[in-house]
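The values are calculated or read from the model by the stated rules, or taken from the named source; none is laboratory data. Since we're looking at a predicted model, the values are computed, not measured. Reconstructed Cβ throughout: ideal geometry from the backbone, glycine too, with neighbour counts over all protein chains shown. Accessible surface areas use protein heavy atoms only, side chains included; no ligands, DNA or RNA. Shrake-Rupley method; radii C 1.70, N 1.55, O 1.52, S 1.80 Å.
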Amino acid sequence: MKWPLQDRPVPDDRIPLYNRFYLHAPRASHVDPTMVWGTEIDADALQVFLRERNRSGKVVLTTAHALIRATALALAQYPALNVRLVGRRIFAFRDVSIRTAFVHRRTGEIDVLLVAAADQKSLEQIGQEVWQRLLQAGRGKGPRDRDRGRLRETSPFWFRQLLRMYGFLDRHFRLPSVGRLDELRGGAAMVNDLSFPGAPPIRSYKPTRFPDPSDSLNLTLGAIESKVVARGDGFAETHVMPLFVRADHRLVDAYQLGRFVAAVRDLLSHPERLDAPAAAPQAAPTAAASE
Amino acid sequence: MSLDKHHLEADLLALVRSRGADHARVDADTDLIDGGLLDSLLLTDLILHVEERYGVAFDAGDVSPANFRSVATMVDLVLGRSPAPQSA
């Protein structure tokens, strides 16, 4: 049993005023606090980096591993985003843990795994941990597989009651995570690598929010695309990958989100920085300073 | 199932080539990693296919670029792991 959240909520004077409008909006206002920021990263730099690492390394590294590490480092740099809602209060996570989606080879369904304390792990350690979980899941011997099987057998009526009861407790209390299924609540960010071979280009993408308030952020990387850019007096072909980040205006404003997205983009476009230790946390702007 | 190098190579190639147009021209020595053809789903499928069909076990420590760079390196890995054929 583990409490993934800090003991005390983020104090009100650390929450920007406009975030508080969204946070305390009455349900009748039907407010939608979802923000999506789309950008692109330099795919050439990332591909060269991964090719080099895969030439001499001990673990096959992919863009998904780089995205997990980049997200973790950026969250360590901007801890004001490593938070979730409990009711109308905001709590910070103790660790920088990242969820990632994968195709469960045995069931053909999407499943999710959690890389705990990903800011403290090297790219190789993240890669090895992810491969281990993928192989366990593929063999049907993943730690969550038995629980998933039981959930699948639950009738729609009881499934709904279970979700309602668990959702009520999770929305209102700072619950510990007690099992394999709810370990996923231990992280604020979900990353999704949709750059698999054959994936179509993404022009627009709005990641959904899982019905769980710990799913505060989502980062989705799309397939590599060619782009012509001006370089000097002429034009050159370059390759980019779209990156979409979904955030919640109750937790962050566009300025905070922009700085976070810039940090992720910078890490993926200059991937040698993924090997550096986590940067010192940047102070969150006080409410007064952001107005 | 006993392991024959040519049979194993053809079997793995068929699995890789079934992944779509980009994979259709892969041969045994094609660099799958540099070519961006080895995603996590294909790699997991290759490992589990070998485990299920040939009884050769792998762990996460085996998922190295040297082992999975091409179909040829995978064949070498599997043959190196399989029990030696019994002499008559």
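If the Cβ limit is 6 Å and pairs must be 6+ apart or interchain, which residue in the stretch A:268-282 that is within 17 Å of A:V191 (Cβ to Cβ) and open to solvent by 80 Å² or more (accessible area, probe 1.4 Å) pairs with which residue that is modelled with pLDDT under 80 and not hydroxyl-bearing (S, T, Y)?
Close Cβ pairs satisfying both conditions: none exist.
Need a quick list: strands (runs of 3 or more DSSP E) entirely within the stretch A:88-146 having at least 1 residues that are open to solvent by less than 20 Å² (accessible area, probe 1.4 Å) and in contact with a Ser or Thr (Cβ under 7 Å, 6 or more places away or on another chain).
Once the strands (runs of 3 or more DSSP E) in the stretch A:88-146 are filtered for at least 1 residues that are open to solvent by less than 20 Å² (accessible area, probe 1.4 Å) and in contact with a Ser or Thr (Cβ under 7 Å, 6 or more places away or on another chain), what remains is A:98-103, A:110-115.
Can A:I68 be described as of a type in the set (A, V, I, L, M) and away from chain B (no Cβ under 14 Å)?
For A:I68, the condition - of a type in the set (A, V, I, L, M) and away from chain B (no Cβ under 14 Å) - is not met.
Being in contact (Cβ under 8 Å) with a residue 12 or more places away in the chain and over 30 Å from A:V59 (Cβ atoms) is true for just one of A:S214, A:S204. Which residue is that?
Residue meeting the stated conditions: A:S204.
Could you count how many residues in the stretch A:202-251 are over 13 Å from the mean Cα position of the chain (by Cα), closer than 18 Å to A:R265 by Cβ and surrounded by 11 or more Cβ atoms within 10 Å (Cβ to Cβ)?
Matching residues across the stretch A:202-251 total 12.
For residues in the stretch B:17-29 being open to solvent by less than 50 Å² (accessible area, probe 1.4 Å), within 13 Å of chain A (Cβ to nearest Cβ) and in contact with a Leu (Cβ under 9 Å, 6 or more places away or on another chain), which is farthest from B:D45 (Cα to Cα)?
Here the answer is B:V26.
If you scan the stretch A:51-87, which residues turn out to be of a type in the set (S, T, N, Q) and either in a strand (DSSP E or B) or closer than 13 Å to A:V130 by Cα (or both)?
A:T62, A:T63
Run down A:V245, A:V252 and say which single residue is of a type in the set (A, V, I, L, M, F, W, C), in contact with a helix residue (DSSP H, G or I) (Cβ under 8 Å, 6 or more places away or on another chain) and either under 21 Å from B:D39 (Cβ atoms) or part of a loop (DSSP other than H, G, I, E, B) (or both).
Sole residue among the options that is of a type in the set (A, V, I, L, M, F, W, C), in contact with a helix residue (DSSP H, G or I) (Cβ under 8 Å, 6 or more places away or on another chain) and either under 21 Å from B:D39 (Cβ atoms) or part of a loop (DSSP other than H, G, I, E, B) (or both): A:V252.
Would you point out which residue out of A:L114, A:L134, A:L162 is of a type outside the set (F, W, Y) and in contact with a Phe, Trp or Tyr (Cβ under 9 Å, 6 or more places away or on another chain)?
A:L134
If I go through the stretch A:32-52 residue by residue, how many of them are in contact with a helix residue (DSSP H, G or I) (Cβ under 6 Å, 6 or more places away or on another chain) and over 30 Å from A:T238 (Cβ atoms)?
Result for the stretch A:32-52: 1.
Out of B:A57, B:A14, which single residue is within 13 Å of another protein chain (Cβ to nearest Cβ) and open to solvent by 30 Å² or more (accessible area, probe 1.4 Å)?
Among B:A57, B:A14, only B:A57 is within 13 Å of another protein chain (Cβ to nearest Cβ) and open to solvent by 30 Å² or more (accessible area, probe 1.4 Å).
Filter the stretch A:127-172 down to the residues that are polar (S, T, N, Q) and farther than 20 Å from A:D193 by Cβ, then identify the one that is farthest from the other protein chains (Cβ to nearest Cβ).
Per the criteria, the residue is A:Q161.
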